[in-house]
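> I have a structure I would like to understand better, so I am pasting it below and will then ask my questions one at a time.
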Amino acid sequence: MASDSERNERMEKIVSLCKRRGFIFQSAEMYGGLNGCWDYGPLGAEIKRNLKNYWWQKNVIERDDIVGLDGSILTHQKVLKASGHIGGFSDPMVDCRTCKARFRADQVCEQKCPEKPSKSPEENACDLTQPREFNLMFSTHVGASSDEGSVAYLRPETAQSIFVQFKNVLETTRQKLPFGIAQIGKAFRNEINPRNFTFRSREFEQMEIEFFCRAEDGLRLTDEWLERRIGFYEEIGIPRDKLHILDVPDGERAHYSSKTYDIEYDFPFGIQELEGVAYRTDYDLRKHGEASGKPIEYFDEQSKEKFVPHVVEPSAGCDRTILALICEAYDEESLTNDKGKEETRIVMRFDPKIAPVKCGVFPLLKNKPELVAKAKEVKALLAPLMNVFYDESAAVGRRYRRQDEIGTPFCATIDFDTIGENGPELADTVTVRERDSMAQERVKIEQLPAYIGGKLV
Ligand code: ATP
């Protein structure tokens, strides 16, 4: 078990690698940063795309009973009034009368006083006010007027557009219960204390499914979705023993939920939530039916019954999953180099389907035109199928290390054998080096797409 200081040090190294190699940057960094907002750099953008595509593939494309939606971010105030967010989507906040800092009242013990950073505000470092409720939604005005009626909100969860489009989706897809509607998109919460890198942000992405069902199936499906979602994390490279399941006790669940599991991950900064699997009952559809005066009902052709469906919601945080993947992948390994010296290899052990770059392509020497031309051919062969990085600078060992540090699972080196200088048998073959084992194998160029492609699914 690593100590707190080892865990802190590991997290610092991860944050610094994310910036140094272009995974994640602070938003508006050159102006001092916008607190709680992050920009994904070239490599982070690739990981995000890979994660979202895989989630969509597994939950929408490969299933007959889940369809997709891409709702608007700007949300009508009536939607959020009916859902209970305008009145109730808040966290308790306390202020310090001395240092003027603000804290989430239920997380004070996990935080530090800005003036005495070795102490939590509770350890007599701060003079705290009584808690009061702080609404987390960002509001804006739609159109030229800025009266009460034009107020709209940036959605605090993607779920609400699914509920208010339920009827349209049902009519256009003719799905039968149980079935789901899935959505990936941005959500916004004006968090009181954004912290732990991207973990608690003010702008983030969610990957949500609202899985509609009959009331009697709600609890069983909640358990089934929990298992399925744990399986998903294992498939993308987060082992089950790093996940914790919290059966959220009565009194701590959201107002709409009668059963919630949190899937948590053992981050360097503590065990924290990645995803909530919540049984939201018929709360949302019923509320929207009542508030709009247009009941949202499902007609069961067999029993000839009409009823408001219930819903199970697996709601995953895209950014939190990426952070977990990055934390899980980070590894340092001691090696003896060619000159007999000890060195540290930093390697991001991403699952190949998540890795931002799938294959590095290197000509052995950059001043040998035949090698460069052949390497560019290899790059052109692979590029339509996967993200490939061409690199001709520095010794091959250095190039391997650069790819290890960003988690590239394969590197293909084009050498004198490839261009037939050592006989016809090895012509048009390349050395493929695997990131984790560092094992090298000779592979025919024409077989490369299948060889690497087969390991990316
Ligand atoms: P928390 O208790 O950590 O504030 P929550 O229980 O309010 O989270 P949900 O409303 O269940 O979160 O949202 C579903 C998922 O959306 C979370 O499991 C998380 O992955 C993600 N999420 C929620 N808030 C944030 C945030 N501020 N930054 C990043 N991701 C978030």
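> Just name the residue that is surrounded by the fewest Cβ atoms within 10 Å (Cβ to Cβ) out of those in region 338-353 that are at pLDDT 95 or above and in a loop (DSSP other than H, G, I, E, B).
Looking at the filtered set, the residue picked out is Arg349.
> Can Gln130 be described as more than 16 Å from the ligand (Cβ to nearest atom) and either part of a strand (DSSP E or B) or open to solvent by less than 80 Å² (accessible area, probe 1.4 Å) (or both)? Spell out how you get there, then give the answer.
Numbers: more than 16 Å from the ligand (Cβ to nearest atom): yes; either part of a strand (DSSP E or B) or open to solvent by less than 80 Å² (accessible area, probe 1.4 Å) (or both): no.
Judged against the criteria, Gln130 is not a match.
> So, one more: Here are the criteria: (1) open to solvent by 40 Å² or more (accessible area, probe 1.4 Å); (2) within 16 Å of the ligand (Cβ to nearest atom); (3) under 27 Å from the mean Cα position of the chain (by Cα); (4) at pLDDT below 95. Tell me which single one Arg102 does not satisfy.
Going through (1) open to solvent by 40 Å² or more (accessible area, probe 1.4 Å); (2) within 16 Å of the ligand (Cβ to nearest atom); (3) under 27 Å from the mean Cα position of the chain (by Cα); (4) at pLDDT below 95 one by one, Arg102 breaks only (3).
> Can you say whether Ser145 is of a type in the set (Gly, Ala, Ser) and part of a loop (DSSP other than H, G, I, E, B), as far as the supplied structure shows?
Judged against the criteria, Ser145 is a match.
> Give Ile24, Ile66 a once-over and let me know the one that is in contact with a Ser or Thr (Cβ under 8 Å, 6 or more places away or on another chain) and not small (Gly, Ala, Ser). I'd like the intermediate steps shown before the answer.
Numbers: Ile66 fails: in contact with a Ser or Thr (Cβ under 8 Å, 6 or more places away or on another chain).
Matching residue, one of Ile24, Ile66: Ile24.
> A further question follows. What are the pairs, 6+ residues apart or on separate chains, where a residue within region 373-392 that is among the acidic types (Asp, Glu) has its Cβ under 8 Å from a residue that is surrounded by fewer than 15 Cβ atoms within 10 Å (Cβ to Cβ) and not in a helix (DSSP H, G or I)?
Glu392/Lys366
> Which residues, taken from region 157-171, are part of a helix (DSSP H, G or I) and in contact with a strand residue (DSSP E or B) (Cβ under 9 Å, 6 or more places away or on another chain)? So that I can check it myself, show each step before the final result.
As a first pass, look at region 157-171 and keep what is part of a helix (DSSP H, G or I): 159-164, 166-171.
Within region 157-171, Ala159, Gln160, Ser161, Ile162, Phe163, Val164, Phe166, Val169, Leu170 qualify.
> Something else: Name the residues in region 293-336 that are β-branched (Val, Ile, Thr), farther than 18 Å from Gln206 by Cα and surrounded by 11 or more Cβ atoms within 10 Å (Cβ to Cβ), would you? So that I can check it myself, show each step before the final result.
Initial filter on region 293-336 (β-branched (Val, Ile, Thr)): 296, 308, 311-312, 321-322, 326, 336.
Keeping just the survivors that are farther than 18 Å from Gln206 by Cα gives 296, 308, 336.
Ile296, Val308 - these are the residues of region 293-336 that are β-branched (Val, Ile, Thr), farther than 18 Å from Gln206 by Cα and surrounded by 11 or more Cβ atoms within 10 Å (Cβ to Cβ).
> Sticking with this one: Could you tell me which residue of region 190-231 is farthest from Glu273 (Cα to Cα), considering only residues that are touching an Asp or Glu at 6+ places or on another chain (Cβ under 9 Å) and hydrophobic (A, V, I, L, M, F, W, C)?
My answer is Ala215.
> Looking at Ser120, Ser161, Ser146, can you tell me which residue is touching a Cys at 6+ places or on another chain (Cβ under 6 Å) and small (Gly, Ala, Ser)?
On the way: Ser161 fails: touching a Cys at 6+ places or on another chain (Cβ under 6 Å); Ser146 fails: touching a Cys at 6+ places or on another chain (Cβ under 6 Å).
Exactly one of Ser120, Ser161, Ser146 is touching a Cys at 6+ places or on another chain (Cβ under 6 Å) and small (Gly, Ala, Ser), namely Ser120.
> If you don't mind, there's one more thing I want to ask. Just to be sure, is Leu170 in the same structural domain as Glu216 (by TED's automatic domain parsing), surrounded by 16 or more Cβ atoms within 10 Å (Cβ to Cβ) and within 30 Å of Phe211 (Cβ to Cβ)? Talk me through it step by step, then tell me what you get.
Numbers: in the same structural domain as Glu216 (by TED's automatic domain parsing): yes; surrounded by 16 or more Cβ atoms within 10 Å (Cβ to Cβ): yes; within 30 Å of Phe211 (Cβ to Cβ): yes.
Answer is yes for this residue.
> Please indicate, with yes or no, whether at least one residue in region 17-39 is exposed (fewer than 14 other Cβ atoms within 10 Å of the Cβ), touching a strand residue (DSSP E or B) at 6+ places or on another chain (Cβ under 7 Å), assigned to a loop (DSSP other than H, G, I, E, B) and not acidic (Asp, Glu).
Yes, region 17-39 contains a residue that is exposed (fewer than 14 other Cβ atoms within 10 Å of the Cβ), touching a strand residue (DSSP E or B) at 6+ places or on another chain (Cβ under 7 Å), assigned to a loop (DSSP other than H, G, I, E, B) and not acidic (Asp, Glu).
The values are calculated or read from the model by the stated rules, or taken from the named source; none is laboratory data. Source: prediction; values computed, not measured. Backbone-built Cβ (ideal geometry, glycine too); neighbour counts: all protein chains shown. Keep in mind that these areas ignore ligands, DNA and RNA; they rest on the heavy atoms of the full protein, side chains included. Shrake-Rupley method; radii C 1.70, N 1.55, O 1.52, S 1.80 Å.
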